[in-house]
1. Could you grab the relative contact order for the range 432-476? Cα pairs under 8 Å, six or more apart, rounded to a whole percent.
2. Take the Cα atoms of the range 9-155, build their convex hull, and give its volume per residue in Å³.
3. For residue 103 and residue 149, what does the FRET efficiency come to when R0 = 35 Å and r is the distance between their Cβ atoms, rounded to the nearest 0.05?
4. Using the Cα atoms of the range 158-264 to build a convex hull, what is its mean projected area in square nanometres?
5. Based on the mean of other Cβ atoms within 10 Å per residue, sort peptides 35-44, 104-113, 362-371 so the most packed one is first.
6. Return 284, 272 ranked ascending by Cβ neighbour count within 10 Å, so the fewest neighbours appear first.
7. Which percentage, to the nearest 5, of the DSSP beta bridges contained in the range 158-264 is antiparallel?
8. How would you rank 264-271, 467-474, highest first, on the average number of other Cβ atoms within 10 Å across their residues?
């Protein structure tokens, strides 16, 4: 077929005649070289695995295939055809009506548009008789793809960072979904992902194959391609079956909230122990989701000296992951023994231990730095702290206490992380007091408090005395602080304003005195007029 034709007259005539004979629509997928890649009978358009692998589409390019379908009735392009055009990123899509004599009739064509402010996805060309079609396809597609790529360059994300569309699909109300999407956007930002758009979809309870309906998922994927996003991030954790079903539906990267959090942890882990715990969590998440995709995972792994066909590549991958998990678990046990020894030495010194717990980015590390004159990394981003840090705080009368900072919590903390970081969180078990730090300016303050308490209960740490501390009170109107603290029986501070720490230090000093005297701690804040003494590091 000459490349400058949408469809040659000979092929069009043959398709129309065959359509009339079998009384069913007939479609051809044609490459840019004019070769027929596939012939499809019926109205369903599903690319074969071979075609999908050979002709890939991305947000910066078209697929390199055009589809022309015959139809017995003279009708314009359907919405389903336009969806296929956008979803599959085809060069062009068209329908060709068949006359009662089996000749080509009217030709209806549509093509994608480069992204612009109007948000239009495609352009529907004016219908014309097939015999009058003079569209020079080769020049047309060259100019169209140049426009698409030019638009993408103008949309390019700064510093080459990845971009994403965020999706929440649950039975929760709109307001709660929006709150979760705000938090998901913070997680994405912490992973250096630029958020292009957010989608909230209310769905019925119960398992769904794609979490969203297939039609809504297609809409999301179309918008992802049209807006130039690199991936879709779901707020909900995808089951292994959902992950497989969605991956079969698209080449676009699709991840869930758990994967995003795991990625952040992998970026933040600096110590050997932290890196091992993150890798263990990643492997535990990956194992049930590992599935054969493509011929490369079905090759046999046997060889000389083996009996039978040997293991498949997929089975080999699974076995290696299980072996690696076992080795990492042994290493974590080794770290746990060292932690027990450190805690035993600390116990012999008789120093009370106060651990900082709370929602991620509540300001725990900042407070640790101010109280102990330390320089722990305390940037304002989620999961800045992964490794446990302990420092000494000295009160007047030479009373000392160990202050420990640990990883922050988050709602629906992935169970893989809770399991992998159990040895780190065991540090909390030795605490005499937990300082529950809360961001006083958080919009969903009750949700954050409940999430932390739930995780403490899951770790059997809810029996340890807790003191609620509202941080970042400098961001609230002054007349709101006292009623808020009174409502929650909390102490209000701003870690950035040391003069606000006196009530907290008074409360801590009272606890320390009680602990050293063997009495139950007192919980009523007292005045603290003595100078604040910042301790040196242990």
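None of the figures in this text is laboratory data; all of them are computed from the coordinates on show. What you see is a predicted model, and the numbers here were worked out from it, not measured in a lab. Counting neighbours? That spans all protein chains shown, and the Cβs are built from the backbone with ideal geometry, glycine included.
1. Relative contact order for the range 432-476 comes out at 64 percent.
2. 108
3. Calculated transfer efficiency: 0.35.
4. On the way: hull surface 25.4 nm².
Convex hull of Cα atoms, orientation-averaged projection: 6.3 nm².
5. Numbers: 35-44: 13.0, 104-113: 21.1, 362-371: 23.9.
Descending packing order for the listed peptides: 362-371, 104-113, 35-44.
6. Starting with the residue having the fewest Cβ neighbours, the order is 272, 284.
7. Restricted to the range 158-264, the bridges split so that about 5 percent are antiparallel.
8. Output ranking for 264-271, 467-474: 467-474, 264-271.
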